[in-house]
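Nothing in this text is a laboratory measurement; each read-out follows from the coordinates by a stated rule. The shown structure was predicted, so the numbers you read here are calculated from the model rather than taken from an experiment. For neighbour counting, all protein chains shown are included, and Cβ atoms are generated from backbone atoms with ideal geometry for every residue, glycine included.
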Amino acid sequence: MIRVELPAHLRTLAGVKGEVTLEVAEPVTLRSVLDVLEASYPMLQGTIRDHGTLKRRSFLRFFACEEDLSHESPDALLPEAVANGKEPLLVIGAIAGG
């Protein structure tokens, strides 16, 4: 069971409260998690990744186990703690400014 925490605006769009739990087949990669997330919540298609290229949207970041995974390959394995449900995959809305 994979745990995913979404930013507030995506939780509202998906109609969920709190974190989302997903059943993802091995190997657990960012791509496989996002594929299952978008299949489970079709209203999120195109909000996290571009429809055509499947690249991450510019103002979203992915974190797991205190690491920024935003620029990692989408086919790289997620940390074991995420794959076994101990830690969530965080989808964070980036904030501009300083």
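Assorted remarks:
- Nearest-0.05 FRET efficiency for Glu23 and Phe63, computed from C-beta distance (R0 30 Å): 0.90
- Each of Asp50 and Leu77 was given a label point 7 Å from its Cα along the Cα-to-Cβ line. The distance between the two points is 3.0 nm.
- Taking every alpha-carbon pair under 8 Å whose residues sit at least 6 apart, the chain reaches a relative contact order of 36 percent.
- Test item: Cα-centred dipole of the chain, Lys/Arg +1 and Asp/Glu -1 on Cβ, debye: 420 debye
- Couplings 3J(HN,Hα) for segment 70-82, derived from phi with the Karplus relation 6.51 cos²θ - 1.76 cosθ + 1.60 (θ = phi - 60°), are 4, 9, 6, 4, x, 9, 6, 5, 6, x, 4, 5, 7 Hz, where x marks Gly and Pro.
- For segment 1-79, the list of trypsin sites (Lys or Arg not before Pro) that fall in a loop by DSSP and count at most 16 other C-beta atoms within 10 angstrom reads Lys17, Lys55, Arg57.
- Estimated [θ] at 222 nm from DSSP helical runs (n ≥ 4, -39500 (n - 2.57)) normalised by residues in the chain, nearest 500: -6000 deg cm²/dmol
- Positive-end extreme of charge dipole, the chain - chosen from Thr12, Thr53, Leu69 (charges on Cβ): Thr12
- Cα convex hull, the chain: 103 Å³ per residue, rounded to a whole number.
- Three-way shape label, segment 4-48, alpha-carbon gyration tensor, a/c 1.5: prolate
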